[in-house]
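Trainee: One structure coming up, written as structure tokens, with questions to follow.
The values are calculated or read from the model by the stated rules, or taken from the named source; none is laboratory data. These numbers come from a predicted model, not from an experiment. Here Cβ is always computed from backbone atoms with ideal geometry, including for glycine, and neighbour counts include all displayed protein chains.
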Ligand SMILES: Cc1cc2nc3c(=O)[nH]c(=O)nc-3n(C[C@H](O)[C@H](O)[C@H](O)COP(=O)(O)O)c2cc1C
């Protein structure tokens, strides 16, 4: 057997323990995270505590990204002052729900994510060189992986009992200037986060079936 990498024995033991403990998600949990979860547009008065946001993030960050690049960057817009800076840059139809949401996350990606490879990809920090001279590859990689991370975050927030409402209807360059100036970050979409008012969810719109969108070759 070849030598194990540092930490690899622990990773193998963790996977084996997990497989012994559980082989399939609990149906109620699957409903909570996706099956019966809905996008929310209105919010109850219940506060969202920072501990819950941090716990959800700690779960979401375990989702995989290419070369462990983790390009997602977040601004959690919570104060009235910060909301007032965000809302003018939103489409009219997104303003009221955002004003009332306890928290609105700006989901962004760092186009210079590869500068963190010394920390995040220590098995090959030199891989940063692939991206440093190729802005298009860096942009595609950042967008792809940060969008994946955002999906992990939606699921993790739901798993922690929160509701989420995604929004792409806003002026990205204006939000970048307002909240991300002086960084290499670019906004992707916004997420209202809170405890949703179930009385306002929309009927489920049609979803593609496996056979509508798949081929097995
Ligand atoms: C990335 C993203 C952007 C969205 N943008 C908006 C938006 O700008 N305004 C809005 O009212 N809804 C927006 N939505 C909500 C979608 O229309 C909604 O999630 C979808 O219809 C599924 O609804 P359901 O979760 O209740 O099944 C967005 C959702 C996502 C994931």
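Trainee: Across segment 89-105, what is the number of residues that are closer than 21 Å to residue 60 by Cα and either in contact with a helix residue (DSSP H, G or I) (Cβ under 6 Å, 6 or more places away or on another chain) or away from the ligand (no atom under 13 Å from the Cβ) (or both)?
Mentor: Going through segment 89-105 one residue at a time, the tally reaches 3.
Trainee: Hey, among the residues in segment 153-197 that are closer than 23 Å to residue 43 by Cβ and free of Cβ contacts under 8 Å to residues at least 40 places away in the same chain, which one's nearest to the ligand (Cβ to nearest atom)?
Mentor: That would be 168.
Trainee: If only one of 46, 54 is more than 16 Å from the ligand (Cβ to nearest atom) and over 17 Å from residue 153 (Cβ atoms), which one is it?
Mentor: 46
Trainee: When you go through 93, 126 one by one, which is the residue that is at pLDDT 95 or above, part of a helix (DSSP H, G or I) and more than 21 Å from the chain's Cα centre (by Cα)?
Mentor: Residue meeting the stated conditions: 93.
Trainee: Let me ask another. Between 166, 118, 161, 181, which is exposed (fewer than 14 other Cβ atoms within 10 Å of the Cβ), in contact with a helix residue (DSSP H, G or I) (Cβ under 8 Å, 6 or more places away or on another chain) and closer than 20 Å to residue 73 by Cβ?
Mentor: 118
Trainee: What pairs come out if I take residues in segment 1-27 that are free of Cβ contacts under 8 Å to residues at least 40 places away in the same chain and pair them with residues that are assigned to a loop (DSSP other than H, G, I, E, B) and surrounded by fewer than 10 Cβ atoms within 10 Å (Cβ to Cβ) whose C-beta lies under 9 Å away, six or more apart or interchain?
Mentor: Close Cβ pairs satisfying both conditions: 11/5.
Trainee: Out of curiosity, is residue 150 within 16 Å of the ligand (Cβ to nearest atom) and closer than 23 Å to residue 52 by Cα?
Mentor: For residue 150, the condition - within 16 Å of the ligand (Cβ to nearest atom) and closer than 23 Å to residue 52 by Cα - is met.
Trainee: Let me ask another. So residue 41 fits all but one of (1) part of a helix (DSSP H, G or I); (2) surrounded by 11 or more Cβ atoms within 10 Å (Cβ to Cβ); what number is the exception?
Mentor: So the condition that residue 41 fails would be (1).
Trainee: Do you know which of the residues in segment 91-115 that are more than 14 Å from residue 165 (Cα to Cα) and touching a strand residue (DSSP E or B) at 6+ places or on another chain (Cβ under 8 Å) is surrounded by the fewest Cβ atoms within 10 Å (Cβ to Cβ)?
Mentor: 91
Trainee: Kindly provide the set of residues from segment 61-88 that are crowded, with 20+ Cβ neighbours inside 10 Å and within 16 Å of the ligand (Cβ to nearest atom), ordered by number.
Mentor: Matches in segment 61-88: 72, 77, 86.
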